[in-house]
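Presented below is the structure to which this report refers.
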């Protein structure tokens, strides 16, 4: 279990913090009384590799140190859960690709076309004017947009 925890530290953070966590787990394992199922020589080699900054080599040796114990485990079935493989982190996405730029351009173009169409096809009357027109208590005077259409002068209020 301590070897798997050390591997977890190395897979999640290959920097100084992850290395320190892995070394702590390895030291705990080397000082433990029960080292059943672990190839201690490989763990010592992994510790030396870690101290030398060789993270990939240390991972390989740590995985090899518990390979026999992991191979002896029965596969999980049904409600049994768990894993014996610690996967590495996903690689970062990197800079935008040509498809990313094309999608961004397409989305920007769609937003621009939508804005232009909204301006071109906006109604002559505002919602306030439409509500006044449809209101049962409508004033007898025409709305400002009706006056503009007729060419009348606006009210001075």
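The values are calculated or read from the model by the stated rules, or taken from the named source; none is laboratory data. Please read these numbers as outputs of a predicted model, since none were measured by experiment. Virtual Cβ from ideal backbone geometry, glycine too; neighbours counted across all protein chains shown.
Some points to look at:
This table checks each residue for (1) surrounded by 10 or more Cβ atoms within 10 Å (Cβ to Cβ); (2) modelled with pLDDT of 85 or more; (3) under 30 Å from residue 14 (Cα atoms).
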| site | (1), (2), (3) |
| --- | --- |
| 71 | no, no, yes |
| 76 | yes, no, yes |
| 91 | no, no, yes |
| 125 | yes, no, no |
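- Scope the range 1-21; condition surrounded by fewer than 15 Cβ atoms within 10 Å (Cβ to Cβ) and closer than 17 Å to residue 64 by Cβ; matching residues: 1
- Test set (1) surrounded by fewer than 19 Cβ atoms within 10 Å (Cβ to Cβ); (2) within 31 Å of the chain's Cα centre (by Cα); (3) within 20 Å of residue 88 (Cβ to Cβ) - residue 24 fails condition number: (3)
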